[in-house]
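Colleague: This is the structure, below, for whatever I ask next.
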Amino acid sequence: MSELLLNSQHGHLSASQRIPAIARPFVSERAAKTLDLVEKFVEEECLPHDEVYIRQIGETTQQRFSSHPSVIEDLKKKAKELGLWNMFLPKAHFKEGAGFSNLEYGLMAEYLGKSRTASEATNCAAPDTGNMEVLAKYGNDAQKKRWLEPLLAGRIRSGFLMTEPQVASSDATNIEMTIKRDGDSYVLNGSKWWSSGIGDPRCEIYIVLGKTDPNNSDKYKQQSVILVPHNTPGITIHRMLSVFGYDDAPHGHGHVTFTNVRVPASNMVLGEGDGFKIIQGRLGPGRIHHAMRSIGAAEKALEWFLARINDERKKPFGEMLNKHGIMLDRVARSRIEIDAARLAVLNAAITIDESDAKGALKEIAEVKVLVPQVNLDVIDRAIQAYGGAGVSQETPLAAMYSNGRTMRIVDGPDEVHLLQLGKNENKRGPAHKKRLEAQKRKGEELCRKYGIEPKDPLYLGRSTGEGKSKL
Ligand SMILES: Cc1cc2nc3c(=O)[nH]c(=O)nc-3n(C[C@H](O)[C@H](O)[C@H](O)COP(=O)(O)OP(=O)(O)OC[C@H]3O[C@@H](n4cnc5c(N)ncnc54)[C@H](O)[C@@H]3O)c2cc1C
């Protein structure tokens, strides 16, 4: 067995052997085998190639945003040969994918999340995954032929353009980009930023959210989604945004303006006014993918943490870090939190499989909030164990922290999910109040039956005067 797969004191425990018991009945034999292949591919191929990828991107901004690391194409070829391709498209809704459920893909995505290259190598990288789902679910035949086919084949990449610099975009009803019908065309004007992926020279298609009917009294019918080829005249990429100084090249996050950008009317996805529905449909499963990849990142951080506290060369105050109790406490907390978070994600995936993303709103929101925080806490502990090296380029931890931090903002900030969850949870409030009152009345009746005078400690002294002097 290759040293590249060592993961326990017993050697290697395969990914399928480590599927949590609660999820095992939902995983087919084929998916379990594929999961093991994914693990092997990530650990033996992708992780060692990550360094090559980073070096091939280059140094200068010009190089970084015009490069296409050849190592990615080599990895894509290997992944295809192994049958590790497009695993993200759930079998219940799409014939174009590899035929796995959300749960099965979720287990695989955890491994993809450990590596810089694995998601793209298997054609399971965001934002393409969500964009392919939009095209597969809502695109017409011509749109699928022109854009979905090359995306599924990994020949091109795509961007999803919703967020705008001048408005609070976590509320999509605020979006201001205009999409106006003009004969056989639509004309787009406005500004977008955080347009991930548009730095990549292979990014050929933008899926753009704008307003076709800004005065519609139903604010959820004002928006539409339209397909815009990257080379359409009037599009200007002004700059690439960085995340804590990381440019995420060659992929990048662009700040773009559209000035009288004209596309054929046939580029409209579904119909005018369907934009909100489309973006809602896009975000559900994507959040699970992010969450599972974040679990993988947290596992990787814990592995780096364990490696550091078992490094014989580093002995602060005469002892290796694994002899310092506080470190073992942090390892234990990380283990507990990752395992608990994973169960929450798998539960969300099973719930989606059994209904759809709409039927799993609560579970999706739970993991959208929980997992990034767990990931950040675990990475933070690992960083601390490495001291100065932890915040430097010497380990992947600093970059992982930067990426992990964005997960509390992308696809809707924590607060939006918490508010929604809190509101829905609170709907149960009146029922609980009634139930507790009924239980109390019954308790009082029972007290009387047993010859005991009932008391309500909250109202002591109010009705009877009793207790007043005791307070
Ligand atoms: C790395 C990265 C990649 C991204 N990729 C893409 C992409 O590919 N395409 C795209 O369109 N967008 C992308 N985004 C943008 C992202 O989706 C938005 O940043 C996010 O939706 C928040 O919108 P906003 O930045 O306009 O913040 P705002 O909407 O202005 O919100 C700012 C803050 O207000 C608070 N807030 C918001 N709502 C509430 C509430 N209801 N209650 C209390 N507080 C609240 C939160 O603290 C929130 O962080 C990306 C962002 C990052 C960082």
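Colleague: If neighbour count is taken as other Cβ atoms inside 10 Å, put Ser196, Ser191 in order from fewest to most.
Modeller: On the way: Ser196 22, Ser191 19.
By the 10 Å Cβ count, ascending: Ser191, Ser196.
Colleague: If amide hydrogens are placed 1.01 Å from N in the peptide plane, which non-local residues have theirs closer than 5 Å to the one on Phe160?
Modeller: Amide H to amide H, under 5 Å and 5 or more residues apart or across chains, Phe160 pairs with Ser196, Ile207.
Colleague: When a/c reaches 1.5 or more, the comparison of a/b and b/c decides; with that in mind, is the stretch 1-125 rounded, prolate or oblate per its Cα gyration tensor? Don't skip to the answer; put the middle values down first.
Modeller: On the way: a/c = 2.53, a/b = 1.43, b/c = 1.77.
It comes out oblate by the Cα gyration axes.
Colleague: Let me know the Kirkwood hydrodynamic radius for the chain, please, with Cα pairs as the basis and the value in Å to one decimal.
Modeller: Working: mean 1/r = 0.0405 Å⁻¹.
That comes to 24.7 Å for the chain.
Colleague: Provide the per-residue ³J(HN,Hα) series for the stretch 12-25, in order, calculated from phi with Karplus coefficients 6.51, -1.76, 1.60 and θ = phi - 60°, each as a whole number of Hz, with x at glycine and proline positions.
Modeller: 10, 9, 5, 4, 5, 5, 9, 4, x, 3, 5, 9, 3, x
Colleague: A further question follows. Could you give the dipole magnitude of the stretch 1-125 about its Cα centre, charging the beta-carbon of Lys and Arg +1 and that of Asp and Glu -1, in debye to the nearest 20?
Modeller: Working: 15 positive and 17 negative charges, 75 e Å.
It works out to roughly 360 debye.
Colleague: A 30 angstrom limit on the alpha carbon distance is what I want to check against. Which of Lys114/Lys368; Lys219/Lys433; Lys211/Lys423; Lys95/Lys368 exceed it?
Modeller: Values: Lys114/Lys368 18 Å; Lys219/Lys433 35 Å; Lys211/Lys423 28 Å; Lys95/Lys368 27 Å.
Listed pairs above 30 Å: Lys219/Lys433.
Colleague: Along the positive direction of the dipole of the chain (beta-carbon charges: Lys, Arg +1; Asp, Glu -1; about the Cα centre), which of Asn215, Gln63, Leu35 reaches farthest?
Modeller: Of the options given, the answer is Asn215.
Colleague: Between the stretch 230-306 and the stretch 362-433, what is the C-alpha centre distance in whole Å?
Modeller: So the two Cα centres are separated by 19 Å.
Colleague: Any idea what diffusion coefficient the stretch 157-269 gets from Stokes-Einstein, in µm²/s, Kirkwood Rh on alpha carbon pairs, 25 °C, 0.890 mPa s? Please report the intermediate quantities before stating the final value.
Modeller: On the way: Rh = 14.2 Å.
Using the Kirkwood radius from Cα pairs, D works out to 173 µm²/s.
Colleague: A further question on this structure: How do Leu270, Leu370, Leu107 rank when sorted from fewest to most other Cβ atoms within 10 Å of their own Cβ? Could the numbers behind the result be given before it?
Modeller: On the way: Leu270 16, Leu370 20, Leu107 31.
Least to most surrounded, the residues fall as Leu270, Leu370, Leu107.
Colleague: Label points 7 Å out from Cα along the Cβ direction at Asn140 and Glu51: separation in nm?
Modeller: Label at Asn140, label at Glu51, 5.2 nm between them.
Colleague: Here's something else I'd like to know. So for each of 179-185, 204-210, 399-405, 29-35 I average, over its residues, the number of other beta carbons within 10 Å; can you give me the resulting order with the highest mean first?
Modeller: On the way: 179-185: 13.6, 204-210: 24.6, 399-405: 19.9, 29-35: 17.9.
For the peptides 179-185, 204-210, 399-405, 29-35, the packing ranking is 204-210, 399-405, 29-35, 179-185.
Colleague: Moving to a separate point now. How big is Rg to Rh over the stretch 57-100, alpha-carbon atoms, Rh as the Kirkwood inverse-mean-distance radius?
Modeller: Values: Rg = 15.4 Å, Rh = 12.6 Å.
Reported Rg/Rh (Cα atoms, Kirkwood Rh): 1.22.
Colleague: Sort His251, His238 so that the residue with the fewest other Cβ atoms within 10 Å of its own Cβ comes first and the one with the most comes last.
Modeller: Values: His251 22, His238 10.
The fewest-first ordering by Cβ neighbours comes to His238, His251.
Colleague: Separate question: Which helices pass in the chain if a helix is a full DSSP H run, must span at least 18 angstrom along its long axis by Cα, and must have mean Kyte-Doolittle hydropathy not below -0.5?
Modeller: Details: long enough: 275-309 (50 Å, 0.07); 325-354 (44 Å, 0.47); 361-386 (38 Å, 0.45); 429-449 (30 Å, -1.85).
The answer, listed by residue number, is 275-309, 325-354, 361-386.
Colleague: OK, next. Test of understanding: what is the full-extension gain from Glu149 to Asn189, defined as 0.36 nm times their sequence separation minus their Cα-Cα distance?
Modeller: Values: separation 40, 0.36 × 40 = 14.40 nm, distance 2.83 nm.
Full-extension gain reported as 11.6 nm.
Colleague: Set Lys and Arg Cβ to +1 and Asp and Glu Cβ to -1, take the dipole of the chain about its Cα centre, and tell me which of Asn131, Leu346, Leu270 lies farthest positive.
Modeller: Leu346
Colleague: Which value in nm describes the separation of the simple spin-label points at Gln63 and Leu5, placed 7 Å from the Cα toward the beta carbon?
Modeller: 3.7 nm
Colleague: Let me make sure I get this right: for the stretch 112-178, a, b and c are the square roots of the gyration tensor eigenvalues over alpha carbons, sorted descending. Under 1.5 in a/c it's rounded, otherwise prolate if a/b > b/c, else oblate. Which is it?
Modeller: Numbers: a/c = 2.83, a/b = 1.33, b/c = 2.13.
Oblate, because a/c is 1.5 or more while a/b does not exceed b/c.
Colleague: In whole Å, what is the distance between the alpha-carbon centres of the stretch 12-57 and the stretch 63-107?
Modeller: 13 Å
Colleague: Could you tell me the calculated FRET efficiency between Tyr246 and Ala438, based on Cβ-Cβ distance and R0 = 60 angstrom, to the nearest 0.05? Walk me through the numbers on the way to the answer.
Modeller: Values: r = 57 Å, r/R0 = 0.94.
It comes to 0.60.
Colleague: Packing-wise, with mean Cβ within 10 Å as the measure, how do 14-26, 371-383 rank, highest first? Walk me through the intermediate numbers first.
Modeller: Working: 14-26: 14.1, 371-383: 24.1.
Top to bottom by mean Cβ count within 10 Å: 371-383, 14-26.
Colleague: Right, next: Distance cut-off 21 Å, Cα to Cα: go down the list Lys33/Lys144; Lys358/Lys434; Lys434/Lys455; Lys362/Lys427; Lys137/Lys221 and report the pairs above it.
Modeller: Values: Lys33/Lys144 31 Å; Lys358/Lys434 29 Å; Lys434/Lys455 19 Å; Lys362/Lys427 13 Å; Lys137/Lys221 19 Å.
Long pairs (Cα-Cα over 21 Å): Lys33/Lys144; Lys358/Lys434.
Throughout, read-outs are computed from the coordinates displayed, never taken from laboratory work. Everything numeric in this text was worked out from a predicted model, so none of it was measured. Because the Cβ atoms are built from the backbone with ideal geometry, glycine has one as well, and the counts that use them run over all protein chains shown.
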